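So the structure is just underneath, and the comments pick up after that.
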Amino acid sequence: MGKTTTSRDWTQIYAIYGVDQWQTLLFLLFHALLFTILSVLYLIYFDAMGAFFESLFSVTGVTLPVGAARFAAGFTGSVTAISAVCLFFAAANFFYSAVPLHHDMALRMVSAVSDWSTVKHALDLGCGRGILLNAVATQLKKEGSSGRVVGLDRNKTTTLKTLRTAKIEGVGEYVTCREGDVRSLPFGDNYFDVVVSGVFVHTVGKEYGKRTVEAAAERTRVVGEVVRVLKPGGVGVVWDLLHVPEYVRRLQELKMEDIRVSKRVTAFMVSSHIVSFRKPSQHIVGSGEVRLEWRC
(Lines give C-alpha, C1' and ligand atoms only; values in the text may rest on other atoms or scores of the structure.)
Protein backbone atom coordinates (compact mmCIF):
# COMPACT_ATOMS: atom_id res chain seq x y z
CA MET A 1 0.00 0.00 0.00
CA GLY A 2 1.40 3.38 -0.91
CA LYS A 3 2.17 6.03 1.59
CA THR A 4 -0.60 8.54 2.13
CA THR A 5 0.58 12.12 1.82
CA THR A 6 -0.80 15.32 3.19
CA SER A 7 -0.09 18.99 2.59
CA ARG A 8 -0.93 20.02 6.12
CA ASP A 9 1.86 21.66 8.05
CA TRP A 10 2.67 20.31 11.51
CA THR A 11 2.04 23.77 12.97
CA GLN A 12 -1.59 23.56 11.82
CA ILE A 13 -1.97 20.14 13.43
CA TYR A 14 -0.35 21.33 16.66
CA ALA A 15 -2.53 24.45 16.77
CA ILE A 16 -5.66 22.28 16.74
CA TYR A 17 -4.65 19.25 18.78
CA GLY A 18 -1.73 20.28 20.95
CA VAL A 19 0.31 17.51 22.60
CA ASP A 20 -0.80 14.69 24.86
CA GLN A 21 1.39 14.10 27.92
CA TRP A 22 3.05 17.51 27.56
CA GLN A 23 4.53 16.94 31.04
CA THR A 24 6.79 14.29 29.52
CA LEU A 25 7.94 16.70 26.83
CA LEU A 26 8.70 19.39 29.41
CA PHE A 27 10.55 16.85 31.57
CA LEU A 28 12.79 15.88 28.65
CA LEU A 29 13.44 19.49 27.63
CA PHE A 30 14.19 20.58 31.20
CA HIS A 31 16.78 17.87 31.71
CA ALA A 32 18.24 18.44 28.25
CA LEU A 33 18.78 22.11 29.13
CA LEU A 34 20.16 21.19 32.54
CA PHE A 35 22.73 18.81 31.06
CA THR A 36 23.59 21.40 28.40
CA ILE A 37 24.32 23.99 31.09
CA LEU A 38 26.42 21.47 33.01
CA SER A 39 28.35 20.64 29.84
CA VAL A 40 29.13 24.32 29.21
CA LEU A 41 30.23 24.76 32.82
CA TYR A 42 32.52 21.74 32.49
CA LEU A 43 34.07 23.35 29.41
CA ILE A 44 34.51 26.76 31.01
CA TYR A 45 35.86 25.44 34.31
CA PHE A 46 37.71 22.45 32.91
CA ASP A 47 40.96 23.19 34.76
CA ALA A 48 39.07 23.67 38.03
CA MET A 49 37.25 20.37 37.49
CA GLY A 50 40.56 18.67 36.81
CA ALA A 51 41.93 20.05 40.07
CA PHE A 52 38.79 18.88 41.86
CA PHE A 53 39.20 15.29 40.61
CA GLU A 54 42.90 15.38 41.49
CA SER A 55 42.11 16.46 45.06
CA LEU A 56 39.36 13.84 45.24
CA PHE A 57 41.80 11.10 44.23
CA SER A 58 44.40 12.33 46.71
CA VAL A 59 41.88 12.28 49.58
CA THR A 60 40.96 8.67 48.80
CA GLY A 61 44.64 7.74 48.71
CA VAL A 62 44.45 6.42 45.15
CA THR A 63 47.63 6.80 43.12
CA LEU A 64 46.88 7.47 39.48
CA PRO A 65 49.02 8.21 36.40
CA VAL A 66 49.73 11.79 35.43
CA GLY A 67 46.78 13.34 33.63
CA ALA A 68 44.26 10.89 35.05
CA ALA A 69 42.36 13.65 36.83
CA ARG A 70 42.06 15.69 33.62
CA PHE A 71 40.92 12.56 31.79
CA ALA A 72 38.24 11.95 34.43
CA ALA A 73 37.04 15.55 34.12
CA GLY A 74 36.96 15.32 30.33
CA PHE A 75 35.18 11.99 30.38
CA THR A 76 32.53 13.27 32.81
CA GLY A 77 32.00 16.38 30.71
CA SER A 78 31.69 14.31 27.53
CA VAL A 79 29.10 12.01 29.10
CA THR A 80 27.15 15.06 30.26
CA ALA A 81 27.22 16.59 26.76
CA ILE A 82 26.17 13.30 25.11
CA SER A 83 23.33 13.00 27.63
CA ALA A 84 22.14 16.49 26.69
CA VAL A 85 22.13 15.57 22.98
CA CYS A 86 20.23 12.34 23.66
CA LEU A 87 17.62 14.15 25.75
CA PHE A 88 17.10 16.79 23.04
CA PHE A 89 16.74 13.99 20.48
CA ALA A 90 14.22 12.18 22.72
CA ALA A 91 12.20 15.39 23.15
CA ALA A 92 12.22 16.01 19.39
CA ASN A 93 11.15 12.43 18.67
CA PHE A 94 8.38 12.64 21.27
CA PHE A 95 7.01 15.84 19.72
CA TYR A 96 7.34 14.45 16.19
CA SER A 97 5.55 11.23 17.19
CA ALA A 98 2.77 13.07 19.00
CA VAL A 99 1.99 15.57 16.24
CA PRO A 100 3.12 15.11 12.58
CA LEU A 101 3.74 11.34 12.75
CA HIS A 102 0.45 10.71 14.57
CA HIS A 103 -1.41 12.61 11.85
CA ASP A 104 0.44 10.81 9.09
CA MET A 105 -0.22 7.39 10.63
CA ALA A 106 -3.90 8.28 11.04
CA LEU A 107 -4.12 8.89 7.30
CA ARG A 108 -2.37 5.60 6.60
CA MET A 109 -4.82 3.78 8.85
CA VAL A 110 -7.75 5.38 7.05
CA SER A 111 -6.30 4.24 3.72
CA ALA A 112 -6.20 0.65 5.01
CA VAL A 113 -10.00 0.53 4.65
CA SER A 114 -10.78 0.02 0.98
CA ASP A 115 -14.36 1.31 0.87
CA TRP A 116 -15.62 3.99 3.25
CA SER A 117 -18.79 4.67 1.28
CA THR A 118 -20.50 1.64 2.86
CA VAL A 119 -19.40 2.44 6.42
CA LYS A 120 -22.29 3.44 8.65
CA HIS A 121 -20.74 2.98 12.09
CA ALA A 122 -17.08 3.38 13.00
CA LEU A 123 -15.34 3.35 16.38
CA ASP A 124 -12.08 4.89 17.58
CA LEU A 125 -10.76 3.30 20.79
CA GLY A 126 -8.92 5.73 23.03
CA CYS A 127 -9.69 8.69 20.80
CA GLY A 128 -7.63 11.14 22.87
CA ARG A 129 -7.25 14.50 21.15
CA GLY A 130 -9.08 13.19 18.10
CA ILE A 131 -6.40 13.11 15.40
CA LEU A 132 -7.43 9.65 14.19
CA LEU A 133 -11.09 10.18 15.00
CA ASN A 134 -11.28 13.30 12.87
CA ALA A 135 -9.31 11.65 10.06
CA VAL A 136 -12.01 8.96 9.92
CA ALA A 137 -14.76 11.59 10.06
CA THR A 138 -13.07 13.57 7.28
CA GLN A 139 -12.99 10.45 5.12
CA LEU A 140 -16.68 9.81 5.75
CA LYS A 141 -17.44 13.40 4.81
CA LYS A 142 -15.33 13.13 1.66
CA GLU A 143 -17.23 10.01 0.59
CA GLY A 144 -20.56 11.74 1.17
CA SER A 145 -21.42 9.01 3.63
CA SER A 146 -24.22 9.17 6.17
CA GLY A 147 -22.01 7.21 8.55
CA ARG A 148 -20.81 8.35 11.96
CA VAL A 149 -17.70 7.65 14.03
CA VAL A 150 -17.77 7.22 17.81
CA GLY A 151 -14.77 8.22 19.88
CA LEU A 152 -14.39 6.27 23.11
CA ASP A 153 -12.15 7.49 25.90
CA ARG A 154 -11.90 6.77 29.63
CA ASN A 155 -11.76 10.48 30.46
CA LYS A 156 -14.87 12.64 30.08
CA THR A 157 -12.82 15.85 29.97
CA THR A 158 -10.88 14.46 27.02
CA THR A 159 -14.04 13.63 25.09
CA LEU A 160 -15.30 17.19 25.49
CA LYS A 161 -12.03 18.55 24.11
CA THR A 162 -12.21 16.06 21.25
CA LEU A 163 -15.67 17.30 20.23
CA ARG A 164 -14.25 20.81 20.03
CA THR A 165 -11.45 19.69 17.70
CA ALA A 166 -14.03 17.94 15.50
CA LYS A 167 -15.94 21.21 15.15
CA ILE A 168 -12.73 23.04 14.28
CA GLU A 169 -12.01 20.44 11.58
CA GLY A 170 -15.51 20.88 10.20
CA VAL A 171 -16.64 17.31 10.91
CA GLY A 172 -18.59 17.84 14.12
CA GLU A 173 -21.77 16.35 12.62
CA TYR A 174 -19.92 13.10 11.88
CA VAL A 175 -18.50 12.63 15.38
CA THR A 176 -19.87 11.56 18.74
CA CYS A 177 -17.84 10.87 21.85
CA ARG A 178 -18.52 8.91 24.98
CA GLU A 179 -16.75 7.77 28.09
CA GLY A 180 -16.22 4.05 28.59
CA ASP A 181 -13.95 1.15 29.45
CA VAL A 182 -12.31 -0.47 26.43
CA ARG A 183 -12.05 -3.77 28.31
CA SER A 184 -15.82 -3.99 28.32
CA LEU A 185 -17.08 -1.95 25.40
CA PRO A 186 -20.54 -0.43 25.93
CA PHE A 187 -21.75 -1.60 22.51
CA GLY A 188 -23.62 -4.63 21.22
CA ASP A 189 -22.13 -7.47 19.21
CA ASN A 190 -21.54 -7.00 15.46
CA TYR A 191 -22.29 -3.27 15.54
CA PHE A 192 -19.40 -1.44 13.82
CA ASP A 193 -18.22 -1.62 10.23
CA VAL A 194 -14.77 -0.30 11.17
CA VAL A 195 -12.84 -0.13 14.46
CA VAL A 196 -9.59 1.82 14.71
CA SER A 197 -7.17 2.67 17.50
CA GLY A 198 -3.96 4.71 17.55
CA VAL A 199 -1.18 4.22 20.15
CA PHE A 200 -3.65 3.36 22.88
CA VAL A 201 -4.05 -0.36 23.51
CA HIS A 202 -0.55 -0.65 25.03
CA THR A 203 -1.69 1.62 27.88
CA VAL A 204 -4.41 -0.81 28.98
CA GLY A 205 -3.44 -2.81 32.06
CA LYS A 206 -0.46 -0.60 32.86
CA GLU A 207 -1.48 -0.68 36.52
CA TYR A 208 -0.14 -4.26 36.52
CA GLY A 209 3.18 -3.27 34.96
CA LYS A 210 4.08 -3.14 31.28
CA ARG A 211 5.47 -6.64 30.84
CA THR A 212 3.40 -8.69 33.27
CA VAL A 213 1.10 -11.56 32.38
CA GLU A 214 -1.83 -9.61 33.83
CA ALA A 215 -1.16 -6.60 31.60
CA ALA A 216 -0.87 -8.82 28.52
CA ALA A 217 -4.19 -10.46 29.42
CA GLU A 218 -5.86 -7.05 29.63
CA ARG A 219 -4.53 -6.01 26.23
CA THR A 220 -5.65 -9.22 24.54
CA ARG A 221 -9.02 -8.75 26.21
CA VAL A 222 -9.32 -5.42 24.39
CA VAL A 223 -8.50 -7.14 21.10
CA GLY A 224 -11.29 -9.60 21.81
CA GLU A 225 -13.70 -6.74 22.47
CA VAL A 226 -12.74 -5.13 19.15
CA VAL A 227 -13.55 -8.37 17.35
CA ARG A 228 -16.82 -8.74 19.25
CA VAL A 229 -18.21 -5.35 18.25
CA LEU A 230 -17.12 -5.64 14.60
CA LYS A 231 -19.73 -6.72 12.10
CA PRO A 232 -18.97 -9.81 10.02
CA GLY A 233 -16.88 -8.49 7.14
CA GLY A 234 -15.87 -5.46 9.24
CA VAL A 235 -12.31 -4.13 9.32
CA GLY A 236 -10.09 -3.41 12.31
CA VAL A 237 -6.96 -1.23 12.13
CA VAL A 238 -4.69 -0.77 15.14
CA TRP A 239 -1.47 1.24 15.37
CA ASP A 240 0.41 0.55 18.57
CA LEU A 241 3.77 0.29 20.29
CA LEU A 242 5.74 -2.83 21.24
CA HIS A 243 2.93 -5.35 21.76
CA VAL A 244 1.63 -5.88 18.21
CA PRO A 245 2.83 -9.55 18.11
CA GLU A 246 0.45 -10.21 21.04
CA TYR A 247 -2.43 -8.76 19.06
CA VAL A 248 -1.57 -10.82 15.99
CA ARG A 249 -1.54 -14.04 18.00
CA ARG A 250 -4.89 -13.20 19.53
CA LEU A 251 -6.37 -12.35 16.14
CA GLN A 252 -5.16 -15.68 14.80
CA GLU A 253 -6.79 -17.45 17.75
CA LEU A 254 -10.03 -15.64 16.94
CA LYS A 255 -9.78 -16.79 13.30
CA MET A 256 -9.58 -13.32 11.78
CA GLU A 257 -8.85 -12.99 8.08
CA ASP A 258 -6.43 -10.90 6.02
CA ILE A 259 -4.22 -10.05 9.01
CA ARG A 260 -1.57 -7.60 7.84
CA VAL A 261 1.33 -6.09 9.75
CA SER A 262 3.13 -2.98 8.54
CA LYS A 263 6.83 -2.34 8.48
CA ARG A 264 8.37 -1.02 11.67
CA VAL A 265 7.90 2.68 12.37
CA THR A 266 9.80 4.31 15.24
CA ALA A 267 7.40 6.29 17.44
CA PHE A 268 8.04 7.65 20.91
CA MET A 269 11.55 6.12 20.71
CA VAL A 270 10.25 2.55 20.37
CA SER A 271 9.05 0.19 17.65
CA SER A 272 5.50 0.53 16.36
CA HIS A 273 3.41 -1.23 13.73
CA ILE A 274 -0.01 -1.03 12.15
CA VAL A 275 -1.98 -4.26 12.17
CA SER A 276 -5.15 -4.58 10.10
CA PHE A 277 -7.59 -7.46 9.79
CA ARG A 278 -11.06 -8.40 8.63
CA LYS A 279 -13.70 -10.26 10.60
CA PRO A 280 -14.86 -13.23 8.53
CA SER A 281 -18.46 -13.43 7.39
CA GLN A 282 -18.50 -17.02 8.62
CA HIS A 283 -16.50 -18.84 11.28
CA ILE A 284 -13.42 -20.41 9.71
CA VAL A 285 -11.45 -23.24 11.28
CA GLY A 286 -7.68 -22.95 11.16
CA SER A 287 -5.03 -20.33 11.78
CA GLY A 288 -5.31 -17.07 9.92
CA GLU A 289 -2.54 -16.09 7.53
CA VAL A 290 -0.41 -13.12 8.55
CA ARG A 291 0.92 -10.96 5.72
CA LEU A 292 4.03 -9.00 6.59
CA GLU A 293 4.67 -7.39 3.20
CA TRP A 294 2.24 -4.51 3.64
CA ARG A 295 4.22 -1.30 3.80
CA CYS A 296 2.80 1.81 5.44
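Comparing 155, 87, 60 along the charge dipole axis of region 60-165, the residue lying farthest to the positive side is 155, per the Cβ-charge model. Under a 5 Å amide H cut-off, with hydrogens placed 1.01 Å from N, residue 124 pairs with 150, 151, 152, 196 among residues at least 5 apart or on other chains. Remark on residue 267: its backbone amide H falls under 5 Å from those of 272, a criterion applied only to residues 5 or more positions apart or on other chains, H modelled at 1.01 Å from N. For the options 225, 214, 179, a Gaussian network treatment of the chain with springs between C-alpha atoms closer than 10 Å singles out 214 as fluctuating the most. Screening the chain for DSSP H helices whose Cα atoms reach 30 Å or more along their own axis and whose mean Kyte hydropathy is at least 0.5 gives 22-44, 68-96. Working note: Debye formula, equal point scatterers on the alpha-carbon atoms of the chain, no solvent; log10 I(q)/I(0) at q = 0.10 Å⁻¹ is -0.61.
Just to be sure I understand: of the beta bridges DSSP finds with both ends in region 156-279, what percent are antiparallel, rounded to 5? The answer is about 70 percent antiparallel. Among the protein heavy atoms, those of residue 76 account for about 40 Å² of accessible surface (1.4 Å probe, every chain in place). Between the C-alpha center of region 188-241 and that of region 60-125 there is a gap of 26 Å.
Evaluated with a Cβ-only charge set (Lys, Arg +1; Asp, Glu -1), the chain carries a dipole of roughly 520 debye about its Cα centre, given to the nearest 20. The lysine pair count for the chain, using Cα distances under 15 Å and pairs eight or more places apart or on different chains, is 8. Over all distinct Cα pairs, what is the inverse of the mean 1/r for region 229-271, reported as the Kirkwood hydrodynamic radius in Å? About 11.8 Å, per the Kirkwood formula over Cα pairs. In this simple spin-label approximation, residue 179 and residue 118 carry label points 7 Å from Cα along the Cα→Cβ vector, and these lie 3.7 nm apart. Pick out which of 189, 153, 104 has the largest mean-square fluctuation in a Gaussian network model of the chain, springs linking Cα atoms closer than 10 Å. Fluctuation is largest for 189. Taking the DSSP bridge list for the chain and keeping only pairs wholly inside it, about 35 percent are antiparallel.
All C-alpha pair distances within region 135-196, sorted into 10 Å bins from zero, spread as 21, 51, 27, 1 percent across the bins. On the beta carbon distance between residue 155 and residue 212, with R0 = 22 Å, the FRET formula returns roughly 0.40. Helical content alone sets the calculated 222 nm signal of the chain at -15000 deg cm²/dmol, taking -39,500 (n - 2.57) per DSSP H segment of four or more residues and averaging over every residue. Largest GNM mean-square fluctuation across 146, 276, 78, computed for the chain with C-alpha springs under 10 Å, falls on 78. Its convex hull of Cα atoms gives region 1-154 a direction-averaged projected area, equal to a quarter of the hull surface, of 14.4 nm².
The values are calculated or read from the model by the stated rules, or taken from the named source; none is laboratory data. Every value quoted in this text rests on a predicted model; they were computed, and no experiment measured them. In this analysis, Cβ positions are derived from the backbone assuming ideal geometry, glycine residues included, and neighbour counts consider all displayed protein chains. Please note that ligands, DNA and RNA were not included when accessible areas were found on the heavy atoms of the full protein model with its side chains. Shrake-Rupley method; radii C 1.70, N 1.55, O 1.52, S 1.80 Å.
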